[in-house]
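Derivation of every value follows stated rules applied to the coordinates shown; laboratory data play no part. None of the values given here were measured: they were computed from a predicted structure. When we count neighbours, we look across all protein chains shown, and the Cβ atoms used for this are built from the backbone with ideal geometry, even at glycine.
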Amino acid sequence: MAIVFKKPESLTDNPFHYCPGCTHGIVHRLIAEVMDELNIRQDTIGVAPVGCAVFAYDYFNCDMQEAAHGRAPAVATGIKRVHPDKVVFTYQGDGDLASIGAAEIVHAANRGEKITTIFINNAIYGMTGGQMAPTTLLGQVTVTSPYGRQAETEGYPIRMSEMLATLAGVAYIERVSVHDIKHINQAKKAIRKAFEYQIAGKGFTMVEVLSTCPTNWGMTPVESLEWVKDRMIPYYPLGVKKEAE
Amino acid sequence: MSKVLMKGNEAIAEAAIQAGCRYFFGYPITPQNEIPAYMAKRLPMVGGCFLQAESEVAAINMVYGAAGAGARVMTSSSSPGISLKQEGISYIAGAELPCLIVNIVRGGPGLGGIQPAQSDYFQAVKGGGHGDYHLIVLAPSTIQEMVDLVQEGFDIADQYRNPVMILGDGMLGQMMEPVEFKERKPRQLPPKDWATTGWKGDRPRAVINSLFIDPQVLEEHVQRIYKKYEAIKANETKVECYNCEDAEIIVSAYGTTARIVRSVIELAAKEGIKVGLIRPITLWPFPADTFSSWVERDHVKAFLTVEMSMGQMVEDVTLSVGGRKPSYFYGRTGGMVPNPFDILDEIKKIRGGNR
């Protein structure tokens, strides 16, 4: 009997620890499928973040390094400079990339480091228990913005993809979502293109993935997917932000 | 090979290249700027990579990545910059990655000054970053020794999978001396089969990591690292004893200060005062046993530690002396360098019972 669906080789057998309805698992799988399809698993070195995806080194079936909070682009830079022939990716959340690691991502992008960053934006800190992130929407209630995020005191949700797309070193940035099948398919295409551009040596590549956090949003998984569609996408428009020739 | 006249900072850089270091990540700060400048020029000539990072924080994390990828890699900075690197240093120690970190110390705290100091001793030997760990800290007192220890330091780091720090100061970094880049007998080093080089399935999957969420596993991890430290203490402790036979007063000093103490020994001899020097070359591991071996001698009346700080190494000296003889301290700080005559005065005060 033909096998029509199986776990990608680029994922280990370790069970994910993610909450029900969290989309980290989907994005992990998409990356792994792309690694399988491009046949790069043996040549890929991944960098895991601090945050909910801190154990990503247990899940991706390739050589991995665990970075300090926000420093994954610097760690990836060190790896890529030593092994320019390998494929290097970082997997980072919004607190990691847009807050504590803002300098590292800006300068890795600006140097045109030939790495791929998968940026999970779920508008909240997940692992530490639902604190306000730089990407938290105005009015959104978190444990550290209990009255809703206010622009006057907490500033505005930051659009990292648009900001980084202004940098000359960037080869490709696209924002995608994983709230339904159609968008999941589009997300996979974007991830594949980012890896292909890296392999072609075009420069820095990033895919921002709008994701869910049912646990800290206080919603059911289905409500969370609706919230991505109805609340996040209007503020964080999907699409290609930059694509080099 | 014949001797060449070189500035300390440039000698460090050349020694690193000759030791096979091909990757340097750093950020500008005085008084160590000649190291990155030299690396920026020389590394591309030998197929290496120099990268000026956006911050010291980024630089040390680039070192983490490159070391984890199996490269011989270094960074250099000076006191405020080394403070910024402490996060990464703790992760590097936790993930057991070999690398060389150079601190050309300047006066502190805060922005402090840019003149030579030894006030980062505690930070270097007692931790600096969070958690249970040690750096191996090497303290050269001449530029020749700096060259030798840089080359040795890379091997020590690789042998034990532990970061090594060269603790210099602004004086050693900026002065010029003749140096020789000697042919070295390299150590037998273990293969870096743990490095992330791309996994073909011919070894276990490489994971560079310092996270152990199960406390029992973390305790075992730290205990295993501390077993390694016992081997380092046994094999790598280095110290120089000078003129200690018959010495009434043994002065303890490292780096630049030890050079000044040599002059003091000559001055004292002219006045018939017998002074010796114990010069720790490894600050961690600290040569405590050497102090113990001299402390019981009848001719030794007291110990005096001299530092360019308000007194940091003196705590380790006093611990090693263990109350068996008096242990005194004299120091200048903030970038001020002790004067040999002032040190001699201190020695006379100790002899005369005026301390």
key: Karplus 3J(HN,Hα) series, Hz, for region A:151-167 with 6.51 cos²θ - 1.76 cosθ + 1.60 (x for Gly, Pro)   = 4, 5, 10, 10, x, 10, x, 8, 9, 5, 4, 5, 5, 5, 5, 6, 8
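From other protein chains only, count the Cβ atoms within 10 Å of every residue's Cβ in A:58-67, then give the mean.
6
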key: Residues with amide H under 5 Å from that of A:ASN121, placed H, sequence gap 5 or more   = A:VAL209, A:LEU210, A:SER211
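Compute, for region B:240-351, the length of the dipole vector about the Cα centre, with Cβ point charges of +1 (Lys, Arg) and -1 (Asp, Glu) only. Units Debye, rounded to 20.
Numbers: 13 positive and 15 negative charges, 41 e Å.
With Lys and Arg at +1 and Asp and Glu at -1, about 200 debye.
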request  = Grab every C-alpha pair in chain A, bin the distances at 5 angstrom width from 0 up to the longest one, and report whole percents.
outcome  = 1, 7, 15, 20, 21, 17, 11, 5, 2, 1, 0, 0, 0
request  = Obtain the nm distance between the two label points defined at A:THR220 and A:THR144 by a simple spin-label model: each point lies 7 Å from its Cα along the Cα-to-C-beta direction.
outcome  = 3.1
ask   = Considering the Cα trace of region B:240-351, what is its radius of gyration and what is Dmax, both in angstroms?
value = 12.5, 37
key: Distance between modelled label sites at B:ASP214 and B:ASP246, nm, 7 Å Cα→Cβ extension   = 6.4
query = Considering chain B as a Gaussian network with a 10 Å cut-off on Cα pairs, which listed residue, B:GLY272, B:GLY94, B:GLY68, attains the greatest mean-square fluctuation?
reply = B:GLY272
remark   = When the charge dipole of the protein assembly as shown is computed with +1 on Lys and Arg Cβ and -1 on Asp and Glu Cβ about the Cα centre, the Cα farthest towards its positive end, among B:PRO31, B:TYR133, B:GLY20, belongs to B:GLY20
key: Residue (of A:ILE173, A:GLN140, A:MET219) at the positive-pole extreme of chain A, dipole from beta-carbon charges   = A:ILE173
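Take A:GLU152, B:GLU307 and order them by how many other Cβ atoms sit within 10 Å, fewest up front. Working shown, then result.
Numbers: A:GLU152 5, B:GLU307 25.
By the 10 Å Cβ count, ascending, the order reads A:GLU152, B:GLU307.
Once the piece of chain linking B:ARG224 and B:VAL46 is laid out straight, how much longer is it, given 0.36 nm per residue of separation minus the C-alpha distance between them? Don't jump to the answer; show the numbers that get you there.
Values: separation 178, 0.36 × 178 = 64.08 nm, distance 3.71 nm.
Result for the pair: 60.4 nm of gain on full extension.
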inquiry  = Would region B:17-116 count as rounded, prolate or oblate if I go by the C-alpha gyration tensor, calling it rounded below 1.5 in a/c and otherwise prolate when a/b exceeds b/c, oblate otherwise?
reply    = oblate
inquiry  = For a test of the definition: using alpha carbon positions, the gyration tensor, and the 1.5 limit on a/c, classify region B:289-355 as rounded, prolate or oblate.
reply    = oblate
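If you place +1 on the Cβ of every Lys and Arg and -1 on the Cβ of every Asp and Glu, how big does the dipole about the Cα centre of region B:98-185 come out, in debye to the nearest 20? The partial results should precede the final answer.
Numbers: 6 positive and 11 negative charges, 43 e Å.
With Lys and Arg at +1 and Asp and Glu at -1, about 200 debye.
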message = What distance in nm separates the two pseudo spin-label positions at A:GLU243 and B:LYS126, each 7 Å out from Cα along the beta-carbon direction?
response = 5.8
ask   = For chain B, what's the relative contact order in percent, using C-alpha pairs closer than 8 Å and at least 6 residues apart?
value = 17
remark   = When the charge dipole of region B:240-351 is computed with +1 at the Cβ of Lys and Arg and -1 at the Cβ of Asp and Glu, the Cα pointing farthest to the positive end, of B:SER252, B:PRO340, B:GLY323, is that of B:PRO340
task = Kindly state, to the nearest 0.05, the FRET efficiency for B:ILE114 paired with A:ALA151, given R0 = 60 Å and r defined as their beta-carbon distance.
result = 0.90
query = About its Cα centre, what dipole magnitude does chain B give when the only charges are +1 on Lys and Arg Cβ and -1 on Asp and Glu Cβ, stated in debye to the nearest 20?
reply = 300
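Can you tell me what share of the DSSP beta bridges in chain A is antiparallel? A percent to the nearest 5 is fine.
Values: 7 of 33 bridges.
Antiparallel: roughly 20 percent of the beta bridges in chain A.
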